[in-house]
């Protein structure tokens, strides 16, 4: 059996200050297997794989490859050992072609022969079932094409062990199945593949074995064929967790937000949203689905006053008392001064939602510091709110005085979502609220959004997991290339139908009410 082990990690420990990210972790990676790495936020999954990829260096422990102890002090060391990592955020240069990105960074001793690179890329594609145009510029590629390019890039450099961090986060169901087909082909060729993901249904579909980390420690592994979602969740969390999303029927839904002829362009004049029309109702969750870059970001930012719309656009908010307020052309502070109770969880957590250098209490104050009547801001209420969010959402942090940039991505998201929900909004907008969150915390967020719906708020939920959209939402608005392709009933539609609408723009308009 020893000869079947490609990598053995023995007693790997990594700390960041007082935080122990990995504590004496032991993990074996077999040749020709697909291994899923699961764990809650802050459990140390990405940190462990970053040490294998040469991004971090372990404080102690040993990495053994093909039976020999090795030192991995840089990504180059990892490549030399045939290890490649495909990160969730792609490392590509937009203005270069696929072939140029593949060869970029290699220490060539002669003039680069791009013709040879193209031939090698074609051989890799033919071998595993990829589709890559080596002459295509990155900025012209879809998200799935960019991910494919990242995988081809590490294969070109000789990787036999591939680490994929959240590989299906921004893919349609059809694109996910294509990726899984390629992964199975690579496995059949003897490659070892490690995937970091929170989507348990995908873990059960694609992996051979699942390894679980909890609070930086290795809990154990299990053959995928001998487990299920409930057992895996219990291993991750340490207790039984109910994986049911409660979806109540909307009670007396009334129009809350009426968007008419919304047109949004970026600073270069490129149209991001074209003639968008829809109505969001009180007491419902309206899901928004679409391939990344289809206008989801611009839609929510335009409603929140962070993006300018063309003059013909209308964004009308209707209060519980029936008062109509026009939000188009308003800045966020002007919207607040109108008395509109609007909460927004943006896609960019630290760039737009929170200030990384500020602690939890100060980030809570960003919402309330203008409300005080005297010259000194009230810190007691924000401090109490910070303590509540840390307790209720189980934020892993040394203290509420820790700068949020020192928290893991999932814990940063918990702080942001907790703050916005605490505002008791009438209109709650969320862009990828559970991106990077573990399964337990994700279901807590779904529950909190459902509670907002029950109290009569209108919730607009931009998501990337179609299974969740179908279970959580009442209706789903599908964006395709900046257009509303259709609005479908989440209770009766299918994942394949929504995936198709995300990819192919319908002719003749769509039902937008």
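Bear in mind these aren't lab numbers, they're just calculated from the coordinates by the rules spelled out. It should be emphasised that the depicted structure is a prediction, and the values quoted were computed from it without experimental measurement. Cβ: placed from backbone, ideal geometry, glycine included. Neighbour counts: every protein chain shown.
Key figures for this structure:
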| read-out | value |
| --- | --- |
| Cα shape, segment 1-143, gyration tensor, a/c 1.5 rule | prolate |
| Separation in nanometres of the label points that stand 7 Å from Cα toward Cβ, at residue 331 and residue 174 | 4.4 nm |
| Estimated [θ] at 222 nm from DSSP helical runs (n ≥ 4, -39500 (n - 2.57)) normalised by residues in the chain, nearest 500 | -9000 deg cm²/dmol |
| Net length gained if the chain between residue 20 and residue 201 were fully extended (0.36 nm per residue, minus Cα distance) | 62.2 nm |
| Relative contact order for segment 3-157, counting Cα pairs under 8 Å that sit 6 or more residues apart, in percent | 19 percent |
| Sites residue 489 and residue 234 - FRET efficiency at Förster radius 30 Å, r taken between beta-carbons, to 0.05 | 0.35 |
| Förster radius 25 Å - calculated FRET efficiency between residue 270 and residue 74, Cβ distance, rounded to 0.05 | 0.05 |
| Mean separation of Cα contacts under 8 Å, 6 or more apart, over the residue count of the chain: relative contact order % | 15 percent |
| Packing-based exposure ordering (other Cβ within 10 Å, fewest first) of 399, 430 | 399, 430 |
| Theoretical gain in end-to-end length, residue 357 to residue 467 [0.36 nm per residue, Cα-Cα removed] | 36.0 nm |
| Potential extension, residue 139-residue 59 segment - 0.36 nm per residue separation minus Cα distance | 24.9 nm |
| In nm, spacing of pseudo-spin labels at residue 379 and residue 225 (7 Å Cα→C-beta vector) | 6.0 nm |
| Relative packing of peptides 268-274, 288-294 - highest average C-beta neighbours within 10 Å first | 288-294, 268-274 |
| Cα long-axis angle, helix 380-392 against the chain (0 to 90 degrees, to the nearest 10) | 50 degrees |
| Kirkwood Rh in Å, taken over the chain so that all alpha-carbon pairs contribute | 24.5 Å |
| Taking N as its residue count, the alpha carbon Rg of segment 357-423 over 2.2 N^0.38 Å | 1.05 |
| Cα-based helix-to-principal-axis angle, 114-128 vs the chain, degrees rounded to 10 | 80 degrees |
| Simple label model, 7 Å out from Cα along Cβ direction - residue 306 to residue 447, nm | 2.8 nm |
| Most to least packed among 410-419, 483-492 [average Cβ atoms within 10 Å] | 410-419, 483-492 |
| Sites residue 316 and residue 184 - FRET efficiency at Förster radius 45 Å, r taken between beta-carbons, to 0.05 | 0.35 |
| On Cα atoms only, tilt of 439-454 relative to the major axis of the chain in degrees | 10 degrees |
| Likely footprinting exposure, 262, 423, 502, fewest C-beta neighbours within 10 Å first | 423, 502, 262 |
| Mean Cα-pair separation over length for segment 357-423, i.e. relative contact order, pairs under 8 Å, 6 or more apart, % | 40 percent |
| Ranked 160, 266, criterion: other C-beta atoms within 10 Å, fewest first | 266, 160 |
